[in-house]
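Since the structure comes first, as structure tokens, the remarks are kept for the end.
No lab work stands behind these numbers, since they all come straight from the coordinates. Treat the numbers as computed from the prediction; the structure is a model and nothing was measured. Neighbour counts are summed over all protein chains in view; Cβ atoms, including those assigned to glycine, are modelled from backbone coordinates with ideal geometry.
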There are 2 protein chains.
Amino acid sequence: MPDTSPIPVYLDCDTGVDDSLALAYLLASPAVDLVGVGTVSGNTSAAQAARNTLDLLDLAGHTRIPVALGSHDHLDHPYDGGAPHVHGENGIGEVDLPRAGAEIDPRTAVQLLIDLSHEYAGRLHVLAIGPMTNIAHALEADPSLPGRIAGVTAMGGAAMVPGNISPVAEANVYNDPQAAAALLAADWDVTLVPLDVTLEHTLSEQQRQQLLADERPFVHALGEIFDQYLDFYLPQYGERLSALHDPLAAVLAAGAFTPTIAPRVPVVVDTGTGPGRGQTIADLRGQRLGPRDHDGIRTRVVLAVDEPVSEHLVATILAA
Amino acid sequence: MPDTSPIPVYLDCDTGVDDSLALAYLLASPAVDLVGVGTVSGNTSAAQAARNTLDLLDLAGHTRIPVALGSHDHLDHPYDGGAPHVHGENGIGEVDLPRAGAEIDPRTAVQLLIDLSHEYAGRLHVLAIGPMTNIAHALEADPSLPGRIAGVTAMGGAAMVPGNISPVAEANVYNDPQAAAALLAADWDVTLVPLDVTLEHTLSEQQRQQLLADERPFVHALGEIFDQYLDFYLPQYGERLSALHDPLAAVLAAGAFTPTIAPRVPVVVDTGTGPGRGQTIADLRGQRLGPRDHDGIRTRVVLAVDEPVSEHLVATILAA
């Protein structure tokens, strides 16, 4: 019989507008057991991301999931102040959430991840939707970590499409290229979810209104949090839509859909300081006749997901 | 009245299988007056490219077009031996052409280009279909050169598709990243013709047979020259087709077609030694709603040519 028990997931995030929706999905999905959250600086500071995560979990009635503070600074440079023009000054679109009663976990995010990897040895899935700094530190602190991880899903990179922070670099990877390189070099199964797919799946204004209309304060707040974010994306899409960067990674980590195109290919990160800094260089040569896995490669790059992701996402959250 | 006189073209090439077809097109097109050729190492050595070009021109009955030898080595590294597995040991698919009576021009390619830029001041078009080493040397030797050039068309780079010599780099640019950077940084109008379009336009085996069947030795030889090249491309296309890298650049330089998508955007070249070496980084962010030119940018990147290029190419050569 196939194992249908929920997947224990450690979430590493920089909450974050779209992180909020990913979090909501993970809480709502019966396929997932969210067993811990670590935060990192990215969209906002690691501390603000922890605050936001605690408050969101509290509003959702999930007060026992540990939230641990991770790295404020990145491997080769300090935190740069985040993206307040995208995610708001507080990371969640200037929405004031009620302050949670729960406190931050006394452990670091690295220690939480390592502890969970023992508690759920062989089953724990790592979902990284921010810069991969904590994961890199965990790999350094405990090189045996990959052996206890069932799989890693990471939102990051841009394979065949332009970046969102430079012509070729996506923000999560650009914010810590060395950390992304460490994650991709480790001996575990990685599903990389780049802009190629996350920009193709969108939350509509109508779907945001569905969230807003929900009676539950948590779901209602998600609708509020996305208001400014849809303004930010308006020039790109020509209408009020939000890219589903982190939520798509969460949906794939939950196994809700199988990617249509996701070849296992070598991926290296440009960790230099030239114009390609932070680029995820996926070797997609020779794929003209169809996806082709390279032998011995454990990283698959998701290039297409031909499924109704946003409908599934919203329906799952509304049905929870 | 529009100026319908032929465009004087200086061709800089590394002949080369597909260079041969580009050359044939330039000779055949009534829109072009091929006024000089310089050679550079790339597909083969600069000297072999000059030999091939002289022999092709002689076979075509064009014995008065000057062919000048250009750089054997590149700006930051020596010539690496070319691509005999693609273009054959002699650069033209192992086809033995009759030795031309004409001799190589005593000038360097750089001097020829500079001389032609005075002779055809304001009208000369530069078509670069090899590594851009000669062009970079000419810009250094005479910084006033761009002011006398009507436009530059360069086959090179990969914007949104994988490279052909590394996951992100195309061979012409990879073979001399600094030279490509110099060409793109100069103050002239550049049409960059990258793999994004050159792989989409193909010469079929049937079209090769049309060339082979022609009674003229020059046109027949073109059909022979492409034989091995179609073998090389078989695994990529799944059938005997040849990408039309250099011929497409020639067709666009002749003004035969207007590209469907060709935004003017900043392009920088990764001249470092990391995994992105030789990549042409075109800033294509914000183009989701359609092509958008950046103010003050003189380089357009050709991303789509929705025209029957190969039919036009073959018909022009057969009709000459």
Q) Could you say whether any residue in segment B:109-118 is in contact with a helix residue (DSSP H, G or I) (Cβ under 9 Å, 6 or more places away or on another chain), in contact (Cβ under 8 Å) with a residue 60 or more places away in the chain, among the β-branched types (Val, Ile, Thr) and within 20 Å of B:ASP246 (Cβ to Cβ)? A) no
Q: Taking the options A:GLY255, A:GLY278, A:GLY223, name whichever one is at positive phi and touching a helix residue (DSSP H, G or I) at 6+ places or on another chain (Cβ under 7 Å).
A: A:GLY278
**Q.** Hits in segment B:137-187 (condition: within 18 Å of B:ILE114 (Cβ to Cβ), acidic (Asp, Glu) and in a loop (DSSP other than H, G, I, E, B))
**A.** B:ASP142, B:ASP187
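To keep it simple, each residue is scored yes or no on (1) under 15 Å from the mean Cα position of the chain (by Cα); (2) within 24 Å of B:GLY42 (Cα to Cα).
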residue: B:HIS118; (1), (2): no, no
residue: B:ARG123; (1), (2): no, no
residue: B:PRO131; (1), (2): yes, yes
residue: B:ALA136; (1), (2): no, yes
residue: B:LEU145; (1), (2): no, yes
residue: B:ARG148; (1), (2): no, no
residue: B:VAL152; (1), (2): yes, yes
residue: B:GLY156; (1), (2): yes, yes
(Q) If I ask for residues that are part of a helix (DSSP H, G or I) and of a type outside the set (S, T, N, Q), which ones from segment A:14-35 would you list? (A) A:VAL17, A:ASP18, A:ASP19, A:LEU21, A:ALA22, A:LEU23, A:ALA24, A:TYR25, A:LEU26, A:LEU27, A:ALA28
(Q) Of everything in segment B:287-315, what is more than 14 Å from chain A (Cβ to nearest Cβ) and not in a loop (DSSP other than H, G, I, E, B)? Give them in sequence order. (A) B:ARG300, B:ALA304, B:VAL309, B:SER310, B:GLU311, B:HIS312, B:LEU313, B:VAL314, B:ALA315
(Q) Would you confirm whether or not segment A:223-243 contains a residue that is among the β-branched types (Val, Ile, Thr), under 30 Å from B:PRO291 (Cβ atoms) and more than 12 Å from every other protein chain (Cβ to nearest Cβ)? (A) no
(Q) If I filter segment B:186-208 for residues that are free of Cβ contacts under 8 Å to residues at least 60 places away in the same chain, away from chain A (no Cβ under 13 Å) and more than 23 Å from B:PRO235 (Cα to Cα), do I get at least one hit? (A) yes
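To keep it simple, each residue is scored yes or no on (1) farther than 16 Å from A:THR15 by Cα; (2) touching a His at 6+ places or on another chain (Cβ under 6 Å); (3) in contact (Cβ under 8 Å) with a residue 40 or more places away in the chain.
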site: A:GLU89; (1), (2), (3): no, no, no
site: A:GLY101; (1), (2), (3): yes, no, yes
site: A:ILE129; (1), (2), (3): no, no, yes
site: A:PRO143; (1), (2), (3): yes, no, no
site: A:ALA159; (1), (2), (3): yes, no, yes
site: A:ILE165; (1), (2), (3): yes, no, yes
site: A:TYR174; (1), (2), (3): yes, no, yes
site: A:ALA182; (1), (2), (3): yes, no, yes
Q. Is there a residue being surrounded by fewer than 19 Cβ atoms within 10 Å (Cβ to Cβ), of a type outside the set (Val, Ile, Thr) and touching a strand residue (DSSP E or B) at 6+ places or on another chain (Cβ under 9 Å) anywhere in segment B:194-201?
A. yes
Q | Unique match (being surrounded by fewer than 24 Cβ atoms within 10 Å (Cβ to Cβ) and free of Cβ contacts under 8 Å to residues at least 24 places away in the same chain) among B:PRO78, B:PRO84, B:PRO30, B:PRO66 | A | B:PRO78
